[in-house]
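The structure appears below as structure tokens.
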């Protein structure tokens, strides 16, 4: 799906982040998606204010800004927000920021601050297929991979997952060592 940064040609679009109108002439971020109301499977765009997209879609906005040639008001602040919210490539390990996610292997809540592994998943939403994260406790990763295979989905081998998790994670060295030991013991 394509992404773009452009000047708003009218004041009719509403930001997907803050739900406020994007005024005519303001820079906006466009996120292409499959239009669920189209019978021919056509694509459409959802629009965001740049500061809103910098928080929710940091990776996508960062890539789109690299290809945008024009001036960007408060670019340094937007790029700082992008850097603060940039997501590493999946799979990766992190400390849970809240206690709301459930482990996709054991179905137990991942407590705030607990180590977890994030895997990319695609799910259906009212606005069409969306990509997001599926989480598993570090010790549950082998079971998560088994369940993915049981459901007919592609799953990497545990050794490859361990290699990628250690390469993609932005954890402190002590936490990386815990993850490495847990995945090696599995």
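Please give the number of the condition residue 146 fails out of (1) in contact with a helix residue (DSSP H, G or I) (Cβ under 9 Å, 6 or more places away or on another chain); (2) within 19 Å of residue 121 (Cβ to Cβ); (3) part of a helix (DSSP H, G or I). With (1) in contact with a helix residue (DSSP H, G or I) (Cβ under 9 Å, 6 or more places away or on another chain); (2) within 19 Å of residue 121 (Cβ to Cβ); (3) part of a helix (DSSP H, G or I) applied to residue 146, the lone miss is (1). Looking only at region 21-38, residues that are at pLDDT below 95, more than 18 Å from residue 54 (Cα to Cα) and either in a loop (DSSP other than H, G, I, E, B) or touching a helix residue (DSSP H, G or I) at 6+ places or on another chain (Cβ under 9 Å) (or both) come to 4 in all. Evaluating residue 1 against the criteria (1) over 17 Å from the mean Cα position of the chain (by Cα); (2) under 25 Å from residue 122 (Cα atoms) leaves one unmet condition, (1). Note on region 58-91: residues that are outside any helix (DSSP H, G or I), modelled with pLDDT under 95 and closer than 25 Å to residue 103 by Cα amount to 5. No other residue among 176, 171, 166, 183 is over 29 Å from residue 34 (Cα atoms), in contact (Cβ under 8 Å) with a residue 12 or more places away in the chain, touching a helix residue (DSSP H, G or I) at 6+ places or on another chain (Cβ under 8 Å) and not in a helix (DSSP H, G or I) apart from 171.
Condition check ((1) over 26 Å from residue 44 (Cβ atoms); (2) surrounded by 14 or more Cβ atoms within 10 Å (Cβ to Cβ); (3) touching a strand residue (DSSP E or B) at 6+ places or on another chain (Cβ under 8 Å)) across all residues:
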position	(1), (2), (3)
87	no, yes, no
100	yes, no, yes
126	no, no, no
131	no, no, yes
151	yes, no, no
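Restricting attention to region 93-107, and to residues there that are touching a helix residue (DSSP H, G or I) at 6+ places or on another chain (Cβ under 6 Å) and part of a loop (DSSP other than H, G, I, E, B), which single residue is farthest from residue 165 (Cα to Cα)? Once the filter is applied, the top-ranked residue is 106.
The values are calculated or read from the model by the stated rules, or taken from the named source; none is laboratory data. None of these values were measured; they are calculated from a predicted model. All Cβ positions, glycine included, derive from the backbone under ideal geometry; neighbour counts span all protein chains shown.
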